[in-house]
1. Identify, by number, the condition in (1) crowded, with 17+ Cβ neighbours inside 10 Å; (2) of a type in the set (S, T, N, Q); (3) in a helix (DSSP H, G or I) that Ser115 doesn't meet.
2. On the basis of being in contact (Cβ under 8 Å) with a residue 60 or more places away in the chain and not aliphatic (A, V, I, L, M), does Tyr151 make the cut?
3. How many residues, within the stretch 58-92, are without any contact (Cβ under 8 Å) to a residue 40 or more places away in the chain and not charged (D, E, K, R)?
4. Quick one: count up the residues across the stretch 249-287 that are closer than 12 Å to Leu87 by Cα, surrounded by fewer than 24 Cβ atoms within 10 Å (Cβ to Cβ) and touching a Leu at 6+ places or on another chain (Cβ under 8 Å).
5. Taking only pairs six or more apart or across chains, which ones have beta-carbon atoms under 6 Å, a first residue in the stretch 283-312 that is more than 20 Å from Ala69 (Cα to Cα), and a second residue that is outside any helix (DSSP H, G or I)?
6. Does any residue of the stretch 40-58 turn out to be within 27 Å of Leu322 (Cβ to Cβ) and not in a helix (DSSP H, G or I)?
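The values are calculated or read from the model by the stated rules, or taken from the named source; none is laboratory data. Note that this is a predicted model, so its numbers are computed, not measured. Positions of Cβ are backbone-derived with ideal geometry, glycine not excepted, and every protein chain shown enters the neighbour counts.
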Amino acid sequence: MRVSDKMNQNQMLGNIQKSRSNIQTLQNQVSTMKKISKPSDDPIGAAKILENRTELKNLNQFEKDIEHAKTFLESTESTLSQLNESLVRAKELALQGATDTNGGLPRAMIAEEISQISNSVLEMSNRTSGERYLFGGYKTEAPPFAKDGSYRGDAAQVQIQNHREQFLPMNLAGSQVFLGQDLAFQQTIKRDWEVPKTLEELQAFKLNTIEKQFQQDENLQNTIETRGPANVSGTERIQLNSNSDPVTGSKGVNVFSLMTGLEVALRTNDKIAIQEALEPLDAAMNQINMARAEVGGRLSQMNATQEGIQKQVIENKSQNSLIEDADAFETLSNLSKADSTLKGTLETSGKMSQLSLLDFLK
């Protein structure tokens, strides 16, 4: 095959262009320290990088949700701790009032402190984390408890997504903590995951909860109206407004009814009713401690999940770095080689372009 001057010229220009393009690519890698700056540089690597970046955004969002839920649960735990301290103090006062040496005026004075504790318990039941109420279920924008202790929230669990296809509740319903309803927290959580699949099922669930609470309140109110407030002991108030734990069979305690019953017993100088309130006070403290244990378990689970997410974030960034980042020493070395190649190509091309007509006639 005859090699013409035109073919030599085209090959010479192609080599120069190839060397300059290689130098430009290497210079771009040196300036950005990235091997892949556009999908055409490495289509498979670019697809993997985009996949990792999407996963990284999801992991970051999961971590933000967990931080929010942890703050909410930590506020709940702090409130429950104060509530338990208040009940411990109420138990101490009840023990003082149950003795024969503290009749009449001393019991009335103790009743005043019990009244203050009742007010503080009501304040705790309406605590907030930021602008959201802790114990209102889904109804986080309005106080869940009225001044008479009636519950205006619901028993729903607010779920947060802590990982792909994994959800964890971040709240305890006030009906559980303060009214002693649905004490098996884990069972309630599982049920709540299944209930609100459709709007109709959610409305039916809320209606059932409201009817249950209404029936309990009605039973208590009828008993009080029939026998009079002074003739309804703290124990009876609890029994009329409580539910059994399906696991342990223990009775839940309505903390508001308990405190009201104890105050009435102290003001009416009813020693027997005061003594009857001691056991329910222990049950109320156990109820609060069980709620605290549930909160602690959720916090532990969230901390473990958060640690796992942080490890995944590091692994994700490491994978992207291996695919995307350029090795500084290797890139500079290649750039130096490419520059030498271009200079050699230009020098050779220059010699070829200096041929005269006599050179061609030889």
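1. (1)
2. On the way: in contact (Cβ under 8 Å) with a residue 60 or more places away in the chain: yes; not aliphatic (A, V, I, L, M): yes.
Against the criterion (in contact (Cβ under 8 Å) with a residue 60 or more places away in the chain and not aliphatic (A, V, I, L, M)), Tyr151 qualifies.
3. The total comes to 3.
4. 3
5. Listed pairs, sorted by first residue: Ala283/Val253; Ala284/Val253; Gln287/Gly180; Gln287/Val253.
6. As a first pass, look at the stretch 40-58 and keep what is within 27 Å of Leu322 (Cβ to Cβ): 40-58.
Add one more test, that the residue is not in a helix (DSSP H, G or I), and what stays is 42.
Yes: one or more hits.
Per-residue answers, yes or no, for (1) more than 26 Å from Glu74 (Cβ to Cβ); (2) at pLDDT 90 or above; (3) over 20 Å from the mean Cα position of the chain (by Cα):
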| position | (1), (2), (3) |
| --- | --- |
| Ala111 | yes, yes, yes |
| Ile114 | yes, yes, yes |
| Ser118 | no, yes, yes |
| Glu123 | no, yes, yes |
| Gly130 | no, no, no |
| Ala142 | no, yes, yes |
| Ser150 | yes, yes, yes |
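Yes or no, residue by residue, for (1) modelled with pLDDT under 75; (2) touching a helix residue (DSSP H, G or I) at 6+ places or on another chain (Cβ under 9 Å); (3) buried (at least 16 other Cβ atoms within 10 Å of the Cβ):
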site	(1), (2), (3)
Leu299	no, yes, yes
Glu324	no, yes, yes
Glu330	yes, no, no
Asn334	yes, yes, yes
Met352	yes, yes, no
Leu357	yes, no, no
